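Worksheet: the structure to be examined is printed underneath.
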Amino acid sequence: MNHYKENLPLKHVTRLNELTVKFYNQINIHDKDFEILSKISLPSKPDDFIFIYFKNEPNKPYDALQILSEGHIRCLGLSILLSKNIQERCPVIIFDDVANAIDDDHRGGIRNLLFDNENLDSKQIILTTHASQFVKELEQYPSKTDYDKFVNKFLFLPDDYSRTIRIKSNDF
């Protein structure tokens, strides 16, 4: 039982490394060559690190959480979660404010990944965001035919963002 328990994390991350690198690099497609990953080593036991290897130094490991910016760490986390979703064959992906704390270039990479990656074609994606510019980009990216076929948008405020506030008082 202890052997099973100790090897369980390794079992869960074994196949994630390659797909995680593919997703991460697709999100970061406009980064400089020295920022592109060649491989990743996800933790296989508690207290392990996430080691990343860059294309220009393919044999030198870096602790991802020490070297990457906050935005890149979020892109890496997103890549790991998407890889895990595919490994587990989950039909639905739910993102809550997926573009939070990520710059415009990387938001574009996320958009491209969601629309263009063949691994995500059969997924139902539910996405919430506060980033109105990201929503506009999502709306403009697919062709009109694809947009009408694949995209449902729900607004919780009217388009003009007007609202009525009712104040109840005993004085009136």
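Ranked from highest to lowest mean number of other Cβ atoms within 10 Å per residue, what is the order of the peptides 62-69, 141-148, 104-111, 48-55? Walk me through the numbers on the way to the answer.
On the way: 62-69: 13.4, 141-148: 11.2, 104-111: 19.4, 48-55: 16.8.
Per-residue mean Cβ counts within 10 Å order the peptides as 104-111, 48-55, 62-69, 141-148.
Taking only protein heavy atoms and a 1.4 Å probe, what accessible area per residue, in Å², does the stretch 28-93 have with all protein chains in place?
With the other protein chains kept in place, the stretch 28-93 gives 61 Å² per residue.
Per residue of the stretch 53-65, what does 6.51 cos²θ - 1.76 cosθ + 1.60 with θ = phi - 60° give for ³J(HN,Hα)? Whole Hz please, x for Gly and Pro, Karplus curve as stated.
Values per residue, Gly and Pro as x: 10, 8, 4, 7, 9, x, 10, 10, x, 10, 6, 4, 6 Hz.
Please list log₁₀ I(q)/I(0) at q = 0.20 Å⁻¹ for the stretch 53-138, using the Debye equation with identical point scatterers on the alpha-carbon positions.
-1.03
Could you list which residues have their amide H under 5 Å from that of K39, counting only those 5 or more apart in sequence or on another chain, with H placed in the peptide plane?
Counting only residues 5 or more places away or on other chains, the set is Y53.
Please list, in chain and number order, the residues 5+ apart from I93 or on another chain whose amide H is under 5 Å from its amide H, with Hs placed from the backbone.
Residues meeting the amide H criterion: Q124, I125, I126.
Place the peptides 75-82, 33-40 in order of packing, highest mean first, counting for every residue the other Cβ atoms within 10 Å and averaging per peptide.
75-82, 33-40
First select every other residue whose beta carbon is under 13 angstrom from the beta carbon of H106; then total the charges, Lys and Arg +1, Asp and Glu -1. Mind dumping the intermediate values first?
Working: positive: R74, R107, R111; negative: D31, E35, E70, D103, D104, D105, E137.
Neighbour charge sum, excluding H106 itself: -4.
Anything over 32 Å Cα to Cα? Flag those among K32/K123; K45/K149; K55/K144; K39/K149, in the order listed.
Distance filter (> 32 Å) returns K45/K149; K55/K144; K39/K149.
The values are calculated or read from the model by the stated rules, or taken from the named source; none is laboratory data. No experiment lies behind these values; they were computed from the predicted model shown. Positions of Cβ are generated from backbone atoms using ideal geometry, with glycine treated the same way; all protein chains shown enter the neighbour counts. To get the accessible areas, we keep the full protein, side chains included, count just its heavy atoms, and leave off ligands, DNA and RNA. Shrake-Rupley method; radii C 1.70, N 1.55, O 1.52, S 1.80 Å.
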